[in-house]
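Notes follow once the structure below has been shown.
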Amino acid sequence: MSTIKRQLEPVSFTQVNFDGGFWAPRLEVNRTVTIPHIYHQLEATGRISAFDLNFQRPVPSPIVLIFGDSDAAKWIEAASYSLAAHPDPKLRALVDSVADRVIHAQQPDGYLNTHFIVTQPDMRWRNLRDWHELYCAGHLIEGAVAHYQATGERKLLDALCRYADHIDETFGSEPGKKRGYCGHPEIELALVKLYHATQNPRYLKLASYFIDERGQGPNYFDIEARARGEDPAQFWAKTYEYCQAHVPIREQTKVVGHAVRAVYLLSAVTDLAHENKDPTLLETSQRLWNNLVTKRMYLTGGIGAAHNIEGFTQDYDLPDETAYAETCATIGLMLWNHRMLQFSGEGKYADVLERALYNGFLSGVALDGSHFFYENPLASGGHHHREGWFNCPCCPPNIARTLASLGKFFYSTGANDLWVHLYGQGTAKMEVNDGREVSLRQVTKYPWEGYVRLKLDVDTPQRFTLHLRVPEWCEHWRLLVNGEQLSANSTQLSDGYIHLMREWQPGDGVEYNMDMPIRTVWAHPAVRALQGRVALQRGPLVYCLEGVDHGEINLDRIAIDPGRVSNEFKVEHKEDLLGGVTVLRGKGVVVDESGWENTLYRSQPPSSKSMNTTAIPYYAWDNRAPGEMRIWLRAKGI
Ligand SMILES: [Zn+2]
């Protein structure tokens with residue numbers, strides 16, 4: 001069992017600078033295209049002007065949903081992270097003006113939700129199950145904390161403290177307070193951030209209350225439904241599993257319900273396990289992680305198979321073409337695994353984080369930075385395409401805030417330790433040994449190649465352990481320190497990391513080379529939808545076939561021979577394709593329709609012929625001509 005004391009401390013994204021390589025151009029598109037694009041969409045759909053409280057036009061448009069405040073809040077957060085890493089006076093002025101409009105909407109008692117101020121003032125705090133009031137508050141808090149950290153300006157933070165104080169006066173187990181909590185978890189993790197920004201323990205206590213009250217009997221959602229004159233049995237989702245409130249979280253054994261809610265809740269559970277040194281919360285998080293990762297997660301790090309509840313169904317129910325796999329859910333999965341990773345540095349959490357990052361998350365945004373997937377299925381018949389905006393636009397600003405703070409996932413420090421979780425070209429500044437600065441530079445073409453050159457800069461010799469992650473997909477690696485090869489048995493390796501303990505000298509260099517062959521991947525025999533199918537993976541990237549590379553051929557008719565992939569498939573880097581990608585080329589076979597005219601069934605199998613196939617990284621699909629896509633391919637001879 002992991003210890004309750006967190007041994008790792010994440011390095012802030014403000015200390016991590018990407019240059020060149022895979023990530024820097026993407027972060028630049030996020031800064032220069034995605035963040036402005038989202039701002040314009042928020043303005044065009046009334047989500048920012050909502051804070052001007054126009055009582056003459058209480059419902060400006062049906063597309064301004066009840067949780068529209070959260071979209072603007074996530075944009076404030078994304079833009080603030082962008083400012084923290086990249087000063088920009090015009091963006092600063094814009095963020096400040098949006099912050100002023102948010103503050104302007106605040107009511108004398110601290111309340112701050114535009115829908116319930118303008119449109120339904122008599123319904124304030126009367127339907128926590130469905131109406132996202134505390135969820136919106138959570139996103140506003142996260143936006144305010146980010147704005148404060150980026151600008152040093154307290155005005156928005158102070159306003160959200162007043163709102164959080166109001167929420168604390170309204171909810172709790174003390175007499176006279178409502179014993180409520182939000183149907184959509186979010187405020188819990190936001191309150192932990194507010195606690196860190198302000199050092200006010202009141203917010204930590206409120207987060208703990210929300211976590212522990214959730215799912216207690218009698219269920220609050222029943223109580224408030226009756227108070228509204230409704231029959232709780234009429235709840236559309238039929239079960240409070242949908243919002244993880246069917247039993248208290250400490251008693252839950254499977255990850256259930258709406259996927260985004262589940263992983264936001266578990267992120268907060270993990271935060272509070274650390275803050276409150278609470279072993280049962282950590283055990284809860286570990287137990288639900290095991291259920292998710294061994295039975296309910298897609299190969300891409302997508303989660304949530306079902307459209308109707310945007311969430312989980314049964315163990316091993318992972319159909320590819322109908323997968324929901326919302327981008328926000330994969331982001332939540334990354335947030336949760338990043339938190340779990342900090343307890344003791346177990347590589348399995350970084351493995352899930354990396355799987356999600358390069359596949360189910362990155363597919364959420366087009367290469368142009370202004371089109372997005374809400375759902376990320378693992379196969380498409382040709383009708384699933386990214387869009388510039390959605391009626392429910394939770395995903396685009398969530399992508400923007402994740403990319404703008406991407407560096408936070410890469411490194412951690414410990415007492416005498418420096419951890420490298422992810423590989424990508426750039427430089428990070430960290431502190432070890434009571435504040436001694438270490439600068440670490442990675443030069444690498446990762447994820448296209450597994451070779452990483454690390455250069456450590458210390459002012460004076462420093463003794464600490466450098467932990468380098470060995471990804472779960474990597475079976476063979478070589479390591480040189482200052483040009484000298486370290487053999488595998490002279491190297492400490494545990495929990496998915498190489499541990500290099502030595503006295504590091506100024507300018508020391510490490511060369512780390514992870515073998516990155518093409519791998520064939522199979523699903524557990526209980527996953528009915530994927531039997532007889534195989535997927536291609538290389539390094540952290542899951543690959544897919546796309547229609548545009550295969551003419552008129554229906555992709556589901558193509559089979560590959562898994563036994564011949566390592567010999568017959570070739571790796572080819574194409575700098576002019578899809579922003580620069582490594583493709584996999586090899587032979588497949590395709591069944592054809594010859595002799596099937598006017599025949600539906602017959603005794604002879606269809607004939608097949610050999611063909612050339614090209615697989616591209618899954619994240620890059622749907623950036624060319626629209627068409628089919630497929631990750632899980634028929635396995636020849638199975
Ligand atoms: Zn979303």
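The values are calculated or read from the model by the stated rules, or taken from the named source; none is laboratory data. Just so we're clear, the structure is a prediction, and the values are computed from it rather than from any experiment. Please note: Cβ atoms are built from the backbone with ideal geometry, for glycine as well, and neighbour counts cover all protein chains shown.
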>> Among the numbered criteria (1) of a type in the set (G, A, S); (2) within 16 Å of the ligand (Cβ to nearest atom); (3) not in a helix (DSSP H, G or I), which one does G332 miss?
In response: (3)
> Is it the case that the range 418-433 has a residue that's modelled with pLDDT under 95 and not in a strand (DSSP E or B)?
Replying inline: yes
>> I want to confirm something. Restricting to the range 103-136 and keeping residues that are free of Cβ contacts under 8 Å to residues at least 40 places away in the same chain and of a type outside the set (D, E, K, R), which single residue is surrounded by the most Cβ atoms within 10 Å (Cβ to Cβ)?
In response: F116
> Quick one: which of E326, E283, E275, E251 is within 16 Å of the ligand (Cβ to nearest atom) and within 23 Å of E188 (Cα to Cα)?
Replying inline: E326
>> Looking only at residues that are among the charged types (D, E, K, R) and in a helix (DSSP H, G or I) in the range 10-38, which one is surrounded by the most Cβ atoms within 10 Å (Cβ to Cβ)?
In response: R31
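Tell me the residue from Y358, Y374 that is within 16 Å of the ligand (Cβ to nearest atom), of a type in the set (F, W, Y), crowded, with 19+ Cβ neighbours inside 10 Å and at pLDDT 95 or above, please.
Working: Y358 fails: within 16 Å of the ligand (Cβ to nearest atom).
From the options Y358, Y374, the qualifying one is Y374.
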> Can you name the condition, by its number, that P540 falls short on among (1) in contact with a Pro (Cβ under 6 Å, 6 or more places away or on another chain); (2) farther than 28 Å from Q425 by Cα; (3) not small (G, A, S)?
Replying inline: (2)
> Looking at the range 142-157, which of its residues are within 19 Å of F13 (Cα to Cα) and of a type in the set (A, V, I, L, M)?
Replying inline: A144, V145, A146, A150
> Mind checking which residues of the range 158-176 are hydrophobic (A, V, I, L, M, F, W, C) and within 16 Å of R101 (Cβ to Cβ)?
Replying inline: A159, L160
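Within the range 262-275, is there a residue that is farther than 24 Å from G414 by Cα, at pLDDT 95 or above, buried (at least 22 other Cβ atoms within 10 Å of the Cβ) and touching a strand residue (DSSP E or B) at 6+ places or on another chain (Cβ under 8 Å)?
So the first thing to find is which residues in the range 262-275 are farther than 24 Å from G414 by Cα, and the list is 262-265.
Keeping just the survivors that are at pLDDT 95 or above gives 262-265.
So of that shortlist, the ones also buried (at least 22 other Cβ atoms within 10 Å of the Cβ) come out as 262-265.
Narrowing further to those that are touching a strand residue (DSSP E or B) at 6+ places or on another chain (Cβ under 8 Å): 262-263.
Yes, because at least one residue in the range 262-275 is farther than 24 Å from G414 by Cα, at pLDDT 95 or above, buried (at least 22 other Cβ atoms within 10 Å of the Cβ) and touching a strand residue (DSSP E or B) at 6+ places or on another chain (Cβ under 8 Å).
Somewhere in the range 287-295, is a residue more than 18 Å from V527 (Cβ to Cβ), buried (at least 23 other Cβ atoms within 10 Å of the Cβ) and more than 16 Å from the ligand (Cβ to nearest atom)? Even if it seems obvious, please write down each step before you answer.
First, pick out the residues of the range 287-295 that are more than 18 Å from V527 (Cβ to Cβ): 287-289.
Next, from what is left, pick out any that are buried (at least 23 other Cβ atoms within 10 Å of the Cβ): 288.
Add one more test, that the residue is more than 16 Å from the ligand (Cβ to nearest atom), and what stays is 288.
Taking every residue of the range 287-295 in turn, at least one turns out to be more than 18 Å from V527 (Cβ to Cβ), buried (at least 23 other Cβ atoms within 10 Å of the Cβ) and more than 16 Å from the ligand (Cβ to nearest atom).
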>> Residue pairs, Cβ under 8 Å, 6 or more apart or interchain, first in the range 166-177 and in a loop (DSSP other than H, G, I, E, B), second of a type in the set (S, T, N, Q) and surrounded by 13 or more Cβ atoms within 10 Å (Cβ to Cβ). List them.
In response: K177/T170
> Of these, H385, H338, which one is closer than 21 Å to E186 by Cβ and either away from the ligand (no atom under 16 Å from the Cβ) or surrounded by fewer than 24 Cβ atoms within 10 Å (Cβ to Cβ) (or both)?
Replying inline: H338
>> I'm told H139 meets every condition in (1) closer than 22 Å to I66 by Cα; (2) surrounded by fewer than 21 Cβ atoms within 10 Å (Cβ to Cβ); (3) not hydrophobic (A, V, I, L, M, F, W, C) except one. Can you identify the failing condition by its number?
In response: (2)
> Residues that are in contact with a Phe, Trp or Tyr (Cβ under 6 Å, 6 or more places away or on another chain) and surrounded by 15 or more Cβ atoms within 10 Å (Cβ to Cβ): which strands (runs of 3 or more DSSP E) entirely in the range 504-558 hold 3 or more of them?
Replying inline: 533-538, 541-546
> If R162 passes every condition in (1) of a type in the set (K, R); (2) in a helix (DSSP H, G or I); (3) under 27 Å from I399 (Cα atoms) but one, which one does it miss?
Replying inline: (3)
> Out of (1) assigned to a loop (DSSP other than H, G, I, E, B); (2) away from the ligand (no atom under 16 Å from the Cβ), the odd one out for R463 is which?
Replying inline: (1)
> Residue check, G215 against (1) crowded, with 22+ Cβ neighbours inside 10 Å; (2) on the phi < 0 side of the Ramachandran plot, all met but one. Which one?
Replying inline: (2)
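Please determine whether any residue of the range 454-461 is touching a His at 6+ places or on another chain (Cβ under 8 Å), in contact (Cβ under 8 Å) with a residue 24 or more places away in the chain and within 19 Å of V11 (Cβ to Cβ).
Quick first cut of the range 454-461, residues touching a His at 6+ places or on another chain (Cβ under 8 Å) only: none.
No, there is no match, as no residue in the range 454-461 is touching a His at 6+ places or on another chain (Cβ under 8 Å), in contact (Cβ under 8 Å) with a residue 24 or more places away in the chain and within 19 Å of V11 (Cβ to Cβ).
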>> Considering only residues that are part of a helix (DSSP H, G or I) and over 19 Å from L191 (Cα atoms), which ones fall in the range 121-154?
In response: P121, D122, M123, T151
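Just checking, does the range 186-194 include any residue being closer than 16 Å to E142 by Cα, in contact (Cβ under 8 Å) with a residue 12 or more places away in the chain and part of a loop (DSSP other than H, G, I, E, B)? Break it down stepwise before answering.
Filtering the range 186-194 down to residues closer than 16 Å to E142 by Cα leaves 186-194.
Within this subset, residues satisfying the condition of being in contact (Cβ under 8 Å) with a residue 12 or more places away in the chain are 186-194.
Keeping just the survivors that are part of a loop (DSSP other than H, G, I, E, B) gives 186.
Checked the range 186-194: at least one residue is closer than 16 Å to E142 by Cα, in contact (Cβ under 8 Å) with a residue 12 or more places away in the chain and part of a loop (DSSP other than H, G, I, E, B).
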>> Give all pairs with beta carbons closer than 8 Å in which a residue from the range 577-588 that is assigned to a strand (DSSP E or B) meets a residue that is of a type in the set (S, T, Y) and surrounded by 14 or more Cβ atoms within 10 Å (Cβ to Cβ); count only pairs at least 6 apart in sequence or on separate chains.
In response: V583/T614; L584/Y543; L584/T614; R585/T613; R585/T614; G586/T613; K587/T613; G588/T613
> Any idea how many residues of the range 592-634 are in a strand (DSSP E or B), out of contact with any helix residue (DSSP H, G or I) (no Cβ under 8 Å at 6 or more places or on another chain) and among the charged types (D, E, K, R)?
Replying inline: 1
> Is at least one residue of the range 221-240 under 25 Å from the mean Cα position of the chain (by Cα), in a helix (DSSP H, G or I) and more than 16 Å from the ligand (Cβ to nearest atom)?
Replying inline: yes
> Any residue in the range 303-317 that is within 16 Å of the ligand (Cβ to nearest atom), surrounded by fewer than 20 Cβ atoms within 10 Å (Cβ to Cβ), in contact (Cβ under 8 Å) with a residue 12 or more places away in the chain and not charged (D, E, K, R)?
Replying inline: yes
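For the range 392-409, give me each residue that is assigned to a helix (DSSP H, G or I), in contact with a Lys or Arg (Cβ under 9 Å, 6 or more places away or on another chain) and within 16 Å of the ligand (Cβ to nearest atom).
Matches in the range 392-409: P396, P397, N398, A400, R401, L403.
Can you tell which of H246, H258 is modelled with pLDDT of 95 or more and within 16 Å of the ligand (Cβ to nearest atom)? Show your work before the answer.
Details: H246 fails: within 16 Å of the ligand (Cβ to nearest atom).
Every option except H258 fails the conditions.
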> Among the residues of the range 511-533, is any in contact with a Ser or Thr (Cβ under 6 Å, 6 or more places away or on another chain) and not aromatic (F, W, Y)?
Replying inline: no
>> I need the full set of residues from the range 344-353 which are modelled with pLDDT of 95 or more and either within 16 Å of the ligand (Cβ to nearest atom) or not in a loop (DSSP other than H, G, I, E, B) (or both), in order please.
In response: G347, K348, Y349, A350, D351, V352, L353
